[in-house]
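Participant: This is the structure I have questions about; it appears just below.
Bear in mind that the values in this text are calculations on the coordinates, not laboratory data. On a predicted model such as this, the values are computed, not experimentally measured, just so you know. Glycine also receives a Cβ, built like all others from the backbone with ideal geometry; neighbour counts cover every protein chain displayed.
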Amino acid sequence: MKIAETVAEVRQQVKAWRKEGLTVGLVPTMGYLHEGHQSLIAKACEQNDRVVVSVFVNPTQFGPNEDLESYPRDLEHDAALCESTGAALIFHPTPSEMYPKGFCSFVDMDVLTKELCGLSRPVHFRGVCTVVSKLLHIVQPDRAYFGEKDAQQLAVIRRMVLDLNMDVEIVGCPIVREADGLAKSSRNTYLSPEECKAALVLSRSIFAGKKLAESGETDAAKLVQAMTEIIEAEPLAKIDYVKVVDLMTMQQIPKLDRPFLAAMAVYIGKTRLIDNFMMQAGGAAE
């Protein structure tokens, strides 16, 4: 497995693979990889001849008071995980390689980015769309892999690819959880032992909401209320949002009469965590 730090190196390697007639998968990450990322890499290796994993903490998707500087980084660990899982190349650029002096072109989106995380993190999806667009143009993969834990991000990227006629298949992969139910996240490392225990309120709320929807509840407000009450019972939890939205448009809906996403962002202490479940109309969970 190779580690490339420049766009030119990645393009040279991908061109060589293409000459051999090989297919290429891309797994965009911000590093500090865990079993959730590993599941994406494994899926990509299963479906493609060669897999590129990008490890880049993207500065443009962080707001001024967010955790850009403290975001965990460990390239040695990431490289070992990628190699053991079957990746062929890590792309680990510097910020100046991705955003050279004078950079002023961004990919922005309306509608899908105005709800959920887009409300509390107004610059976030502009940065996500820009960096993912750049990665897709640099690697030009057949398929790119994203986790369903970041469900709004997945919807946004699928829309961007559709709107901008990008020739790539976007593959969503299921949430990977700890044995206790907590969704895997690089930010889980911020949590103290007490906060780790408190964070389980997210998955308890998710599982309760899913059970309620599967039982036939169609009122989105009642679903949100039931999930909110569980979270509010935890003293260390502070809700950013708990919402039910249309799975395609990310707009809030009153009735569970179409494919929907029930999503939340909750602060446990100073750490912001997200979780969700998706479901088709009529109680068929995804």
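Participant: Gain in length, D74 to K238, computed as 0.36 nm per residue apart minus the alpha-carbon separation, to one decimal in nm?
Facilitator: Result: 56.1 nm gained on full extension.
Participant: Evaluate the relative contact order of the chain (contact order divided by residue number), counting alpha-carbon pairs under 8 angstrom at least 6 apart; express in whole percent.
Facilitator: Across the chain, relative contact order equals 17 percent.
Participant: Report, in degrees rounded to the nearest 10, the 0 to 90 angle that the Cα long axis of helix 124-139 makes with the longest principal axis of the chain.
Facilitator: 30 degrees
Participant: Which whole-Hz couplings ³J(HN,Hα) result when phi for each residue of the range 41-49 is put into the Karplus expression 6.51 cos²θ - 1.76 cosθ + 1.60, θ = phi - 60°, listed in order with x for Gly and Pro?
Facilitator: 5, 4, 5, 5, 5, 5, 9, 9, 6
Participant: Considering the dipole of the chain built from charges on the beta carbon (Lys and Arg +1, Asp and Glu -1) around the Cα centre, which of A221, T189, C129 is farthest to its positive end?
Facilitator: Result: C129.
Participant: Under a point-charge model restricted to the Cβ atoms of Lys and Arg (+1) and Asp and Glu (-1), what is the dipole moment magnitude of the chain relative to its Cα centre, in debye to the nearest 20?
Facilitator: Rounded to the nearest 20 debye, it is 420 debye.
Participant: Which Cα, out of Q12, T29, L247, lies furthest along the positive dipole direction of the chain (beta carbon charges, K/R +1, D/E -1)?
Facilitator: The listed residue farthest towards the positive side: Q12.
Participant: Quick check: net charge around M1, other residues with Cβ under 15 Å of its Cβ, Lys/Arg +1 and Asp/Glu -1?
Facilitator: Result for the neighbourhood of M1: -4.
Participant: At 7 Å along the Cα-to-beta-carbon direction for both M1 and E83, put a label point, then send me their distance in nm to one decimal.
Facilitator: 0.8 nm
Participant: Using a Gaussian network model of the chain whose springs link C-alpha atoms within less than 10 Å, name the residue from F260, F207, F125 with the highest mean-square fluctuation.
Facilitator: Greatest mean-square fluctuation among the candidates belongs to F207.
Participant: Using alpha carbons only, how many degrees (0 to 90, rounded to 10) separate the axis of helix 220-232 from the longest principal axis of the chain?
Facilitator: 90 degrees
Participant: Assuming a ≥ b ≥ c are the square roots of the Cα gyration tensor eigenvalues, decide whether the range 1-109 counts as rounded (a/c under 1.5), prolate (otherwise, with a/b larger than b/c) or oblate.
Facilitator: oblate
Participant: For the range 1-142, what relative contact order do you get, as a whole percent, if you take Cα pairs closer than 8 Å and at least 6 residues apart?
Facilitator: After rounding, I find 33 percent.
Participant: Ratio to report: Rg/Rh of the chain, with Cα atoms as the point set and Rh obtained by the Kirkwood method; give two decimals.
Facilitator: Value, to two decimals: 0.97.
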